[in-house]
1. Can you quote the Å³ per residue value for the convex hull of the Cα atoms in the stretch 58-118, rounded to an integer?
2. Where does the stretch 1-72 land on Rg(C-alpha)/(2.2 N^0.38 Å)?
3. What number do you get for the stretch 8-278 when its Cα radius of gyration is normalised by 2.2 N^0.38 Å, N = residues?
4. Over the stretch 76-183, with every protein chain in place, what whole percent of the accessible area is carbon and sulfur at 1.4 Å, could you tell me?
5. Could you sort GLU364, GLU314 by accessible area so the largest value comes first, with the probe set to 1.4 Å?
6. How about the stretch 1-104: which trypsin sites (Lys or Arg not before Pro) there are in a DSSP loop, with at most 16 other Cβ atoms within 10 Å of their Cβ?
7. Let's test this: bin the Cα-Cα distances of the stretch 276-336 at 5 Å from zero up to the farthest pair and state each bin's percent.
8. Please report how far the C-alpha centroid of the stretch 247-305 lies from that of the stretch 51-92, rounded to the nearest whole angstrom.
Amino acid sequence: MAESNRVVFFDTTLRDGEQSPGCTMHHEEKIRMAHQLAALGVDVIEAGFAIASTGDFNSVQAIAHEVRGSRICSLARCKRADIEAAAKAVEPAQINRIHVFLASSDLHLEAKLKITRAQALEQAAEHVKLACTYSDDVEFSAEDATRSDIDFLVQIVTVAIQAGAKTINLPDTVGYSTPAEYQQLFETIRERVPNADSVIFSTHCHDDLGMGTANALAGVLGGARQVEVTITGIGERAGNAALEEVAAAMAVRRDAYPFTNNIKMTELYPTSKLLGEIISFSPAPNKAVVGKNAFAHESGIHQHGVLANPLTYEIMTPASVGVTANNIVLGKHSGRKALQHRLHEMGFALAGEELDAVYLRFTELADRKKSIYDQDIVALVGEPVA
Ligand code: KIV
Ligand code: ZN
């Protein structure tokens, strides 16, 4: 299975993303978002953590009822009540998944769960088996995998596969790993775990050191064929690997990442826009792929280049990711060519001395005013020459 080049996109915006500050979503908002994730071509939507609250249960169930085209999944701890709630919530879906997790690092086992390694192995086996009685698609996550003892990680993954898990996730829960280490982790586990080829391995990368996307891609190079991601990278603390970044890297750098996926690239921007309208913040303007400035050019040199040939300063077209807005921003760094281009778009055919005069007034205004709008330009054209 792992030999295929098809990468499964597992979106956890509605679970890992939603559980972070400022990202709470109401029932109807989660359903709207889930429909958009399906339109984006996400393979698996982690719709929530059914046991967490009645509200969470209801949203997972409603999404399972009405969203078609994606597999609907709920998270569950290694507890009977969690698995039963997850199973009930995802039951109405056309295709569903139960995602069972248990920490595998000694730090988590001792400080948080207060269980031994032997107990962890028992719990993982028992609850993966239980989940398999409710769904034919069970994923097991070894939480804090990147800080776990490698021999124990091999053991717990082996046990989960024997119990029936079809996807094995090795999360970098605290965003601690480097790309080289994370790639190596997948290579080692795939080599040492019996029947590793019968399951799909998954990445789940937090961004605490700003390496979430790089780590997710490194995991894929190491043999993972599922990436767990969120729209604009929302999620616990510094967030998760961003779906749009992983998808864009695979599209633009096919030479380095020769993988296929089901993501409809032109839905990336509309999806991020919808999320920004629902949660309490939009991505930073310089956010890769979907930020307001991701395709904006203000400096004269860049504007000149882009107007001559967009490839000079753009590695993908704005349209390819669903951005339709004007990418030439007029400001104090803009040159005459960019102003002439904008004037032309607005229906003013200025050249020569006439253009020089308007450009002079434009630079004076741009020194005083941070943003120059079309109405400012109309006023500049209409101003009598001093
Ligand atoms: O970061 C993490 O380890 C998680 C698991 C629950 C998959 O979110
Ligand atoms: Zn996480």
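The values are calculated or read from the model by the stated rules, or taken from the named source; none is laboratory data. Since we're looking at a predicted model, the values are computed, not measured. Because the Cβ atoms are built from the backbone with ideal geometry, glycine has one as well, and the counts that use them run over all protein chains shown. Side chains included, ligands, DNA and RNA excluded: accessible areas come from the protein's heavy atoms. Shrake-Rupley method; radii C 1.70, N 1.55, O 1.52, S 1.80 Å.
1. Values: hull volume 5.7 nm³, N = 61.
Roughly 93 Å³ of hull volume per residue.
2. Values: Rg = 12.6 Å, N = 72, 2.2 N^0.38 = 11.2 Å.
In units of the 2.2 N^0.38 Å rule of thumb, it is 1.13.
3. On the way: Rg = 17.0 Å, N = 271, 2.2 N^0.38 = 18.5 Å.
Expressed relative to 2.2 N^0.38 Å, the Cα Rg reads 0.92.
4. Values: 2290 of 4440 Å².
Its accessible area is 51 percent carbon and sulfur atoms.
5. Details: GLU364 95, GLU314 15 Å².
Result, largest first: GLU364, GLU314.
6. Details: sites: ARG6, ARG15, LYS30, ARG32, ARG68, ARG71, ARG77, LYS79, ARG80, LYS88, ARG97; in loops: ARG68, LYS79.
Those satisfying the criteria are ARG68, LYS79.
7. Bins of 5 Å from zero give 4, 18, 25, 25, 15, 8, 4, 2 percent of pairs.
8. Here the two parts' Cα centres lie 31 Å apart.
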